[in-house]
Amino acid sequence: MNELSPMLAQLVNGLIIGSIYGLMALGLTIIFGVLKIVNFSHGEFYMLGAYVSYFVSQTMGLHPILGIFVAILATFIIGMLIEKALLTPLFENKVERKDEYALLITFGLSLFLINMALAVFGPFQKSAPALTSGVINLGVITLSSGKVLAAVIAIGVLLCTLFIINKTWLGTALRAISQDRDASAIMGINAKRLGSIAFGLGACMAGAAGALLGPVFLVYPIMGTVPAIKSFVIIVLGSMGSIKGAIYGSLLVGIVESMGVFLLSPAYRDVYSFLILILILLFKPKGLFGGAQWNN
Amino acid sequence: MEQLEKKMVLGLLLVALVLPLFANEYTLHIVILACFYVILSSSWNLLAGYSGQVSFAHMALASLGAYTSGLLSLKLGIHPVISMLCGSLVTGLVGMLIGILTLRMSGSYLALTTIAFSEIYRIVISLEYEITNGQVGLSVPGLFGESGSKVTYYYTAIALVVMIVLIGIQKLVKSDFGLTIRAIREDETAAAAMGTKVVRHKVIVFAISSAIAGLAGAFLAHYTLLVSPEMATITEMGIVISMSVIGGLGTFIGPLLGGVSLSLISEYVKEFGNYHLMVFGLILVLVMRFSPMGIAGVLASFGTRKRKETSVQQIKKEV
């Protein structure tokens, strides 16, 4: 058992990080499902979330968990405003090539936000205060309780979102739009307003992930790039637009990463997910969960 | 628009010809950098503007060309001219592989895979310090021997490369092949229904534009005598995209104007810190939102308005 314990520790670590990536990937999935676009500034909402929670907990001296909720609220509002300002022309037939427009405008937004953060907050790496201190001893392995709490909150937010999507009126309306925008508009659903809400919801999940991982890693302007790329890999892996796919995909990426770190080399941690992406594109280009049905 | 475009290209050509007579070495250095960006933004425009395939790996591919050429000339002692061509070839092949992997699917897949490729590529070359010398960068031999102060030589060489690349791209776009890729951009399904081999055409365009990027990267490597992972960052990619989009996607003159103006601006405001990148990002977003044709579109609408006014005046005279 003792020989296996480092591997087990890595595995649990992978699952914890994976559950937080799942939050980000689910955010991307919600945006993709409702608006049919890939948000290339997703990593920057992650960064904004981390900075907001850092300032709430460090500068204002409040409890880090409160910082997470402020971060969720702030990124939700910023996301909604950005959708209203930049993405509404997509649905008013003012744009000729929608894919291209959405890609370039969200990428431009990402360039702007990264460099704004560099100008405003400076390039320095900041370490956010941990959620809680101390370790949890499970006999075979020990875990830092801050990480475990982060994962528990991530799973809580994840379950809340799933509840909203599956059980509430808002979720039903979002699912309706994701299936057929015109038909749901005819049935009296305000697709425009719900589009903003969906983008805000997606953005605030990235913000929550940032606020949760800020204390684990460090907070700096380009911190969002690698997690964003991992969530891109996850949504391709789990079939774009599938919620189930996003959740299982993120766990798979977490496991593969931790096993790669354990068995091969820790320096290449961020590379393993790309290998999965290539394999998926080669053998199962539509992802593991088939088509892009939103509620499967 | 065509008239205006011709006049501007001629004007730029004239400036380029007389520049070495008046400019000092520093100015020429900046112009060489501007030429590098013109090649990159024009070739990215061939891909994104004319065929509608948005790739985020263009700078990573340029850096791949730079490393291939640098390593070949350093380790095997091949003359930089040949190693640059090899670098370009390798980049074209890698571009083709990425294309085959992703271009079967819809547009977002290419963007998702290339952004992942670009970041992973950067991580790998920063880590493999035994081959690439890591973050420090690799010193490579120069294109024109050892001694410095040969800026005019480099200037002439890159000016030739720019001209060949631009003429080549223009010829390609105006040919039947160019018509086909523009048809694919407008409506893939319709183009496929007309019997066009959509995927094959997209892969070829991707390979060509990657090969051009590789050539540009290799040239820069043998000019600055250094290859570092810096070239492959997402920020650099953002600069090139800003140049094409602000200049005007899908136009010939756009990337040329965008490349020259943005690289000049970023060189002269460098001392004030990195604010120019924030401004470029903001302008990129605003251009996409309010004037998707960029500077070229503004110029074109200006031209047509002028023509309309003159025709209105003519009619008034006749009446």
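Assorted remarks:
- Residues being among the aromatic types (F, W, Y) and on the phi > 0 side of the Ramachandran plot - total across region A:197-250: 0
- Cβ-Cβ under 6 Å pairs, at least 6 apart or on other chains, region A:255-270 side among the aromatic types (F, W, Y), far side in a helix (DSSP H, G or I) and open to solvent by 30 Å² or more (accessible area, probe 1.4 Å): A:F262/A:M7; A:F262/A:Q10
- Whether a residue is hydroxyl-bearing (S, T, Y) and within 14 Å of another protein chain (Cβ to nearest Cβ) was assessed, and A:T172 does not pass this test.
- Answer residue from region A:94-110, given it is in contact with a Phe, Trp or Tyr (Cβ under 7 Å, 6 or more places away or on another chain) and crowded, with 22+ Cβ neighbours inside 10 Å and is nearest to B:G52 (Cα to Cα) among those: A:L103
- Residue, farthest from the other protein chains (Cβ to nearest Cβ), within region A:91-112, restricted to residues that are assigned to a helix (DSSP H, G or I) and more than 14 Å from B:V285 (Cα to Cα): A:F91
Table: residues versus (1) more than 28 Å from A:L35 (Cα to Cα); (2) within 17 Å of the chain's Cα centre (by Cα).
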residue: A:L111; (1), (2): no, no
residue: A:N115; (1), (2): no, no
residue: A:L118; (1), (2): yes, no
residue: A:I177; (1), (2): no, no
residue: A:I189; (1), (2): no, no
residue: A:A203; (1), (2): no, yes
residue: A:L213; (1), (2): no, yes
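- With respect to the conditions (1) within 14 Å of B:G238 (Cβ to Cβ); (2) among the aliphatic types (A, V, I, L, M); (3) surrounded by 19 or more Cβ atoms within 10 Å (Cβ to Cβ), B:V260 lacks only one, and its number is (1).
- Filter result for B:G134 (small (G, A, S), surrounded by fewer than 18 Cβ atoms within 10 Å (Cβ to Cβ) and within 14 Å of another protein chain (Cβ to nearest Cβ)): yes
- Any hit, region B:141-155, residues being in contact with a strand residue (DSSP E or B) (Cβ under 9 Å, 6 or more places away or on another chain), surrounded by 15 or more Cβ atoms within 10 Å (Cβ to Cβ), part of a loop (DSSP other than H, G, I, E, B) and not polar (S, T, N, Q): no
- All of A:V233, A:V271, A:V253 fail the test of being modelled with pLDDT of 85 or more and surrounded by fewer than 24 Cβ atoms within 10 Å (Cβ to Cβ), apart from A:V271.
- Test: B:T180 is farther than 30 Å from A:L275 by Cα and either without any contact (Cβ under 8 Å) to a residue 60 or more places away in the chain or within 21 Å of the chain's Cα centre (by Cα) (or both): yes
- Checking each residue in region B:277-319 for being surrounded by 14 or more Cβ atoms within 10 Å (Cβ to Cβ) and at pLDDT below 75 picks out only B:G303.
Quick grid of which residues meet (1) in contact with a Pro (Cβ under 8 Å, 6 or more places away or on another chain); (2) within 14 Å of chain A (Cβ to nearest Cβ); (3) without any contact (Cβ under 8 Å) to a residue 40 or more places away in the chain:
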| residue | (1), (2), (3) |
| --- | --- |
| B:L40 | no, no, no |
| B:N45 | yes, yes, no |
| B:A48 | no, yes, no |
| B:V81 | no, no, no |
| B:T91 | no, no, no |
| B:K150 | no, no, yes |
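- Check on A:S242, among the polar types (S, T, N, Q) and crowded, with 24+ Cβ neighbours inside 10 Å: yes
- Pairing each residue of region B:96-117 that is touching a residue at least 40 places away in the same chain (Cβ under 8 Å) and facing chain A (nearest Cβ under 7 Å) with any residue that is in a helix (DSSP H, G or I) and of a type outside the set (S, T, Y), provided the two are 6+ apart or on different chains, yields C-beta distances under 6 Å for B:R104/B:V199; B:G107/A:D99; B:A111/A:L103.
- Unmet requirement for B:T114, which otherwise passes all of (1) touching a Phe, Trp or Tyr at 6+ places or on another chain (Cβ under 7 Å); (2) of a type in the set (S, T, Y); (3) over 30 Å from A:I37 (Cβ atoms): (3)
- Of the residues contained in region A:69-85, none is found to be open to solvent by 60 Å² or more (accessible area, probe 1.4 Å), under 30 Å from B:S51 (Cα atoms) and without any contact (Cβ under 8 Å) to a residue 60 or more places away in the chain.
- Residues satisfying the stated conditions in region A:81-90, i.e. within 19 Å of the chain's Cα centre (by Cα) and either within 8 Å of chain B (Cβ to nearest Cβ) or at positive phi (or both): none
- Yes/no for A:I72 being over 20 Å from A:V148 (Cα atoms) and assigned to a helix (DSSP H, G or I): no
- Residues considered: B:I167, B:I181. Of these, the only one that is part of a helix (DSSP H, G or I), crowded, with 24+ Cβ neighbours inside 10 Å and not basic (K, R) is B:I181.
- Applying the condition of being among the small types (G, A, S) and more than 8 Å from chain B (Cβ to nearest Cβ) to region A:113-143 and asking which residue is surrounded by the fewest Cβ atoms within 10 Å (Cβ to Cβ) yields A:G139.
- Close pairs from region B:229-249: first within 13 Å of B:L61 (Cα to Cα) and facing another protein chain (nearest Cβ under 9 Å), partner part of a helix (DSSP H, G or I) and hydrophobic (A, V, I, L, M, F, W, C), Cβ under 6 Å, at least 6 apart: B:M237/B:M59
The values are calculated or read from the model by the stated rules, or taken from the named source; none is laboratory data. For clarity, every value in this text was computed on a predicted model and none was experimentally measured. Reconstructed Cβ throughout: ideal geometry from the backbone, glycine too, with neighbour counts over all protein chains shown. Ligands, DNA and RNA are excluded from the accessible area calculation, which covers all protein heavy atoms including side chains. Shrake-Rupley method; radii C 1.70, N 1.55, O 1.52, S 1.80 Å.
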